[in-house]
Structures are given as structure tokens and as C-alpha cells.
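The structure under discussion appears below in the form of C-alpha cells.
The values are calculated or read from the model by the stated rules, or taken from the named source; none is laboratory data. Because the structure is predicted, anything quoted here is derived from the model rather than measured. Cβ: placed from backbone, ideal geometry, glycine included. Neighbour counts: every protein chain shown. Calculation scope for accessible area: heavy atoms of the full protein, side chains included, ligands and nucleic acids excluded. Shrake-Rupley method; radii C 1.70, N 1.55, O 1.52, S 1.80 Å.
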Amino acid sequence: PYGLNVNQPSMKSGYIPARLRQARLETALTDEAIREQVQNLIQEVANYYYEILLAQHMVNTQREALVSAEAQLRMVSEKRKQETATDYDVLRAQVDVATYRAKMIAEQNSVDTNRVTMLKNMGVSQDSEITFSDKLEFIPMRPVFERAVELASSNRPDLRQAELTASME
């Protein structure tokens with residue numbers, strides 16, 4: 001006299017579209033994560049490139065200072081022979097030569113270290129011959145806040161990832 005019918009749909013109608021939407025969002029999130037890694041790598045290589053340019057400029061500056069200090073040392077040594085300069089003056093000139101030589105070596109080490117790191121990040125051999133031909137130039141600019149926000153929104157994968165994560169939630 002009593003009957004019971006149990007019906008179970010083979011697919012939950014609301015479940016599949018939600019999972020498909022989640023899969024699309026996760027795909028977009030993964031794409032943005034890859035884009036972020038690529039942008040970070042490009043930024044790192046560019047930073048090392050400009051660090052190398054700066055260090056090369058500093059090597060040249062220190063080399064010029066060293067040449068000047070060596071000339072000063074020769075001049076003070078001659079004055080010492082003529083007894084118009086003291087031993088302290090000669091010592092001070094020698095210290096200047098040693099200081100500028102050490103600074104030049106440190107800057108050259110910076111060039112070499114940054115070059116090796118840049119080539120490693122690029123995934124090329126450290127024996128590769130590269131020429132740093134750009135010049136460091138300062139170009140003053142006044143950023144417009146609205147334009148900066150617009151650029152950040154379109155070019156920053158981490159912002160897009162946050163937006164996608166919020167959509168998924």
C-alpha cells in the first residue's frame with residue numbers, strides 16, 4: 001500500500017557549470033602567474049643590465065680619480081725630494097692612490113658579478129660575448145596618477161590574479 005520512489009539525476013545541473021567556470025578561472029589564474037614570472041625575469045635582467053652600465057661608469061670614474069691621485073703622488077714625491085713637502089704629504093698621497101685603486105677594483109668586481117648573474121638569469125653561457133652599448137641618461141618626468149593606475153592595472157599580473165581569486169571565491 002505504501003510506495004517510495006527515489007529519483008537521482010545522473011548529473012547535478014548546477015554543479016557542472018560552476019566547475020567549468022572555476023576551471024576557466026583557474027586557467028586564467030595560472031596564465032597570469034606565468035605572465036608574472038616572465039615579467040619578473042625581464043625586470044631582473046633589465047635591472048642587472050643597468051647596474052652593469054652604472055658600475056662601468058663608476059669604474060671609469062675611479063680610473064680617472066686613480067690617474068689623478070697617481071699624478072698627485074708623483075708631484076708630492078718630487079716636492080719631498082726638494083724638501084717642500086713632508087713625509088705625511090707623501091703618505092697621504094699614497095693612501096689616496098691605494099684607496100682609488102681599491103674602489104676601482106670593487107667597481108670592476110661589481111661589473112663582473114652583475115654580468116655573470118644577468119647571463120645566468122638569461123640562461124646563456126657565462127662565456128657569451130655581450131656589448132653594453134646603452135648610456136645612462138636621466139630623463140625627468142612627472143607621472144600622472146590616473147595613468148599610472150591604468151598602466152598598473154593592465155600590466156601587473158598580481159593585480160589580475162587577485163581579481164581572479166576574488167571571482168573564484
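Quick rundown of the values:
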{"item": "Apportionment of accessible area to carbon and sulfur, the chain, percent (1.4 Å)", "result": "54"}
{"item": "Accessible area of segment 98-169 divided out per residue, in Å², using a probe of 1.4 angstrom", "result": "80"}
{"item": "Rounded to the nearest 10 Å², the accessible area of Asp158 at probe 1.4 Å", "result": "50"}
{"item": "Order of exposure, largest accessible area first, which applies to Arg74, Arg160 with probe 1.4 Å", "result": "Arg74, Arg160"}
{"item": "Binned Cα-Cα distance frequencies in segment 42-103 - 5 Å width, integer %", "result": "4, 19, 18, 15, 11, 10, 7, 6, 5, 3, 2, 1, 0"}
{"item": "Per residue accessible area of segment 25-80, 1.4 Å probe, in Å²", "result": "64"}
{"item": "Prolate/oblate/rounded label for segment 119-158 (Cα gyration tensor, a/c 1.5)", "result": "oblate"}
{"item": "Residue among Met104, Ala65, Pro140 farthest towards the positive dipole end of the chain, charges placed on Cβ", "result": "Pro140"}
{"item": "Directionally averaged projected area (convex hull, Cα atoms, the chain), nm²", "result": "21.2"}
{"item": "Solvent accessible area, Å² - Phe145, 1.4 Å probe, full protein context", "result": "150"}
{"item": "Accessible area of Ile105 in the full protein assembly, 1.4 Å probe (Å², nearest 10)", "result": "90"}
